[in-house]
Amino acid sequence: MKKVLIKCLALLMAASTSFAVHAEPQNLRLAYVFSTTSTQHEAAQRFSQLVAERTNNRFAVTLFPNGQLGGDEAIGRALSNNTLELSFLSQGSLSGVDSLLDIYALPYIAPTYQAADTLILRPDGVIQTTLRDALGKHNIISLAPLEIGFRGFSNSKRPVHTPEDMRGIKIRVPGLANIRAFFNALKVQNTVIPYPDLFNALQQGTVDGQEGGINLFYPSRLFEAQKYFTSLNHVYDIATIVAGGQFWNGLSSSDRELFQAIAEEVSKGQIQASRQMTNTYITKLEEAGISMVTLTADEMKPFQSAGQKVWEQRADVYGKERIASLLKEVDDAGAQSSNKK
């Protein structure tokens, strides 16, 4: 009897081991609007790979690029409603739901990469703290930032060095309130057009120019309808690696630590790749005959003055105490930069 019992236990242990080895992974979906030629997509592929490797295939992340599951607004709703697990989310697109989510788009918070690292990307800074808290109120967990890049201005009419050069040029802007307010302060005619419709709008002359970053301008081939690009650097654009609240809270503490570490590693690699790619795109645009305008310090002043008006207009939206804290960070960063020179 004892031998039979031992044999049964051995069979049960073998069956249990076999089940563990062949257990199906938990399938997770990672959705985003970025194209398959972007550094964000490369980062998503890396994220999926690392999750599989470091959880011994307990989780499998399937990617949905190019807005396959909808735009950022739809993705945000899915995360909030617990019908989506993961996203590389352009949180500014959700500012209609929560006005704090486009605070990073206040003009000239950080006009250089060094300033962006200090002011936009710093985990305990005003920007990341505000975004993390605002997303959390909507059941979306912020894990790490991603770079989209500095935004500029392109057009088909003439080189732009001053606000006056923009007058008479009809431009497309995204729906972010801060960016619209910036161009209104510059007294430039602007209209909101969905990004998928932009190329046709430029070709057909519905608009003469557009506001956006080089990392979208080149791969979307907008330069085929535009001759001039000015690096205004008025906004350092970012996205965020996020998780849906229900999925996140259902993880063990060790798995949350693992996903957080993967997100931070992927974030670091994507930001580095994005900056390298920007330099590559600039070279390719110059080779294609596009006039690339970099403003001098004096030329930048009237644009920065217009940006300051936006800060004043939007102070009540973000809260005067938060704005005061952000301004202190900006001043401190400027002082540290001056001391290093």
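Here are the numbers for the structure shown:
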| quantity | calculated |
| --- | --- |
| Total lysine pairs under 24 Å (Cα atoms) in segment 24-340, excluding pairs fewer than 8 apart on one chain | 21 |
| Of all DSSP beta bridges in segment 24-340, antiparallel share, percent nearest 5 | 55 percent |
| Interchain or long-range residues, amide H under 5 Å from GLU147's placed H | ALA239, ILE271 |
| Note, ³J(HN,Hα) from phi for segment 275-285, Karplus 6.51, -1.76, 1.60, rounded to Hz, x at Gly and Pro | 5, 5, 5, 4, 4, 5, 5, 4, 4, 5, 5 |
| Identified option (computed P(r) over Cα pairs in 20 Å bins from 0, in percent; candidates (i) 29, 53, 13, 4, 1; (ii) 33, 57, 9, 0; (iii) 33, 60, 6) | (i) |
| Other-chain or far-sequence residues with amide H under 5 Å of VAL293's (modelled H) | PHE229, THR230, SER231 |
| Cβ-defined net charge surrounding ASN155, 15 Å radius [Lys, Arg +1; Asp, Glu -1] | +2 |
| Centre separation in Å (Cα based) which lies between segment 48-108 and segment 202-275 | 11 Å |
| Charge context of LYS268, other residues only, Cβ under 15 angstrom, K/R +1, D/E -1 | -2 |
| Per-peptide average of other Cβ atoms within 10 Å, ordering 105-118, 142-155, 48-61 highest first | 142-155, 105-118, 48-61 |
| Helix axis angle, 39-54 relative to the chain longest principal axis, alpha carbon, degrees | 20 degrees |
| Net charge of Cβ neighbours under 12 Å - reference TYR218; Lys, Arg +1; Asp, Glu -1 | -1 |
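Every number here is computed from the coordinates shown, using simple stated rules; none is lab data. No experiment lies behind these values; they were computed from the predicted model shown. Please note: Cβ atoms are built from the backbone with ideal geometry, for glycine as well, and neighbour counts cover all protein chains shown.
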